[in-house]
1. ³J(HN,Hα) across the stretch 62-69 via Karplus (A = 6.51, B = -1.76, C = 1.60, θ = phi - 60°), whole Hz, x for Gly/Pro?
2. Please compute the modelled spin-label separation between D159 and D139, points set 7 Å along Cα→Cβ, answer in nm with one decimal.
3. Does the stretch 39-115 classify as rounded, prolate or oblate by the C-alpha gyration tensor (a ≥ b ≥ c root eigenvalues; a/c under 1.5 gives rounded; else a/b over b/c gives prolate, otherwise oblate)?
4. Between A81 and Q34, with labels modelled 7 Å along Cα→Cβ, what's the label distance in nm to one decimal, could you check?
5. How big is the gap, in Å, between the Cα center of the stretch 99-117 and the Cα center of the stretch 48-78?
6. Would you pull out the residues with amide H under 5 Å of C136's amide H, same chain only if 5 or more places away, H placed 1.01 Å from N?
7. Need one word for the stretch 106-163: rounded, prolate or oblate. Basis is the Cα gyration tensor (sqrt eigenvalues a ≥ b ≥ c); a/c below 1.5 gives rounded, then a/b vs b/c decides.
8. Once phi is turned into θ = phi - 60°, what whole-Hz ³J(HN,Hα) does the Karplus curve with 6.51, -1.76 and 1.60 give for every residue of the stretch 93-103, x standing for Gly and Pro?
Amino acid sequence: MGSLAVAAFALAGCTTAGSVSAPTTPARAQPRIQAITYATTSCHGFCPVYSLTIAATGAGTFTGTRNTAVTGERRFTATPAQTAAFFTRLQPFLPTGELLLNGPEACKSYATDLPSADVTWSGADGSGRLVFDYGCDRDKHRSLADALRAAPTMLPIADLIGNR
């Protein structure tokens, strides 16, 4: 594994179950990520609906469900740099435990009919899940939304997703 990937996996960012913005100063080390599952949900329109799981080794599985270039399961392999970029993009926002930012009861401002991202991660020392509805407090969570939207572009799956 390349030194960039090793360094990215070893980097520890910090969030707690209530934090959704990138930390400025690490308060504690977060466990090294071994795998991430990233899934999108439908919207009122033609949003791509898919899930992907990728291990720290770069071995991944993409499953297209709706509005994707391919449907069904496809395997892919990401380079160490691509895997590190994907993990690094998401890592500052991943909680230990569960963080649900979806629905009108969890959001002060809520726009309906937008897709969600459901991200779970596992590591040697823990795991977590983040569910984020893109209509939840849009101004407050802009950096989170941007990171979630950009993360899949780090992986070699553009031809599987198709037009977004």
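Taken together, the values in this text are just the output of simple stated rules run on the coordinates, not laboratory data. In this text, all values refer to a predicted model and were calculated from it rather than measured experimentally. When we count neighbours, we look across all protein chains shown, and the Cβ atoms used for this are built from the backbone with ideal geometry, even at glycine.
1. So the Karplus estimates, Gly and Pro as x, are 10, 10, x, 10, 8, 6, 10, 5 Hz.
2. Roughly 4.3 nm, to one decimal.
3. Details: a/c = 2.82, a/b = 1.31, b/c = 2.16.
Since a/c reaches 1.5 but b/c is at least a/b, the shape of the stretch 39-115 is classed as oblate.
4. The two pseudo-label positions are separated by 2.8 nm.
5. 25
6. Those qualifying (amide H under 5 Å, at least 5 residues apart or on another chain) are A111.
7. Details: a/c = 2.23, a/b = 1.18, b/c = 1.89.
It is oblate, given that a/c is not under 1.5 and a/b is not larger than b/c.
8. Listing the rounded values in order: 9, 7, x, 8, x, 10, 10, 10, 10, 8, x Hz.
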